[in-house]
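*Asks:* Have a look at this one before I ask anything.
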Amino acid sequence: MAASKFDIASRALVRIGAKPIASFDDGTAEAIAAGREYEAAASGALTMHRWRFASDQQVLVALEETPHDVWAYALQLPSDLLVLHTVRAGGVIVPYDRYGDKIFCDYREDVVASYTFRVPEYRWPPYFVDAFTVAFAATMAMAVASNVEMARELREEAEKRLWPRARFLDSEQQTTRRLFRSRLLARRF
C-alpha cells in the first residue's frame, strides 16, 4: 500500500467528516491544520515503539574534531536518525554520549549505530498506515472539527485496537528470540 503523506492526511480528514486535501499548501483550513500537525505526529508515531520497518544500522564516520572531556573520538550520526538505540564496536555494545548530531565514545573504527529513522510514507506497512491514520484523525478531530468526543473515540480506537495490532504484526518481522532457561528453571519444569 504505497501512500503519500497527503493520502494519509486525507484519509484521516475524511474519517472525521472533513474534506480531503491534495497538499498541505492548498489554503483550506483542513490543509493548514494537517500541515501544521502532520510531521510531529508522524515522527512521534515512529518513535513510540521500536518498529522493525523503521530500524536501520549504519557505520558511523569519525570526525576530525576531538571531544574536550572524557571521550577520545567524535562520530557523526545519520541525518535521518530519530532515536538512537545502541552503538556497537566489533559487535559489542559500547558506552557513549550523544551531543546533538554526534556521539562521543572511545572507539573510532567499525562503530555501528542501531537506530529508528524517518521512513518515507510509501514504505510504511499497511498496519502502521491504518493505526497512524486513526491516531491522526483524532488529532484532526480537535484541530479541524473541535470535537472532543470524536477525538477521544478515535484515540481510544487507535490506542486499544490498532496500535497493539500493529506492534504485534511488526514484532513478527524478526527471528523469534529463544528464552534463556537456566538449569534451575529446567529442574522446576
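The values are calculated or read from the model by the stated rules, or taken from the named source; none is laboratory data. Here the structure is a predicted model, which means the values were calculated and not measured. Glycine gets a Cβ as well: all are built from the backbone with ideal geometry, and neighbour counts include every protein chain shown.
*Asks:* For segment 65-92, how many residues are assigned to a strand (DSSP E or B) and closer than 29 Å to ALA42 by Cα?
*Replies:* So in segment 65-92, the residues assigned to a strand (DSSP E or B) come out as 73-76, 81-89, 92.
Those still in the list that are closer than 29 Å to ALA42 by Cα too: 75-76, 81-88.
Residues flagged as assigned to a strand (DSSP E or B) and closer than 29 Å to ALA42 by Cα within segment 65-92 amount to 10.
*Asks:* Tell me, which residue of segment 51-64 that is hydrophobic (A, V, I, L, M, F, W, C) and in a helix (DSSP H, G or I) is farthest from ASP170 (Cα to Cα)?
*Replies:* Initially, segment 51-64 is screened for residues hydrophobic (A, V, I, L, M, F, W, C), giving 51, 53-54, 59-63.
Filter once more, so that each one left must be in a helix (DSSP H, G or I): 53-54.
On the way: PHE53: 7, ALA54: 10 Å.
My answer is ALA54.
*Asks:* Report, by residue number, each residue of segment 1-50 that is aliphatic (A, V, I, L, M), without any contact (Cβ under 8 Å) to a residue 40 or more places away in the chain and assigned to a helix (DSSP H, G or I).
*Replies:* Across segment 1-50, the qualifying residues are VAL14, ALA31, ILE32, ALA40.
*Asks:* Let me ask something else. Quick one: how many residues across segment 55-74 are among the aliphatic types (A, V, I, L, M) and either outside the structural domain of VAL111 (by TED's automatic domain parsing) or without any contact (Cβ under 8 Å) to a residue 40 or more places away in the chain (or both)?
*Replies:* Initial filter on segment 55-74 (among the aliphatic types (A, V, I, L, M)): 59-63, 70, 72, 74.
Narrowing the set further to residues that are either outside the structural domain of VAL111 (by TED's automatic domain parsing) or without any contact (Cβ under 8 Å) to a residue 40 or more places away in the chain (or both) leaves 61, 63, 70, 72, 74.
The total comes to 5.
*Asks:* Let me ask another. Please tell me if HIS85 is at pLDDT below 95 and out of contact with any Leu (no Cβ under 6 Å at 6 or more places or on another chain). Break it down into steps so the answer makes sense when it comes.
*Replies:* On the way: at pLDDT below 95: no; out of contact with any Leu (no Cβ under 6 Å at 6 or more places or on another chain): yes.
No: the conditions fail for HIS85.
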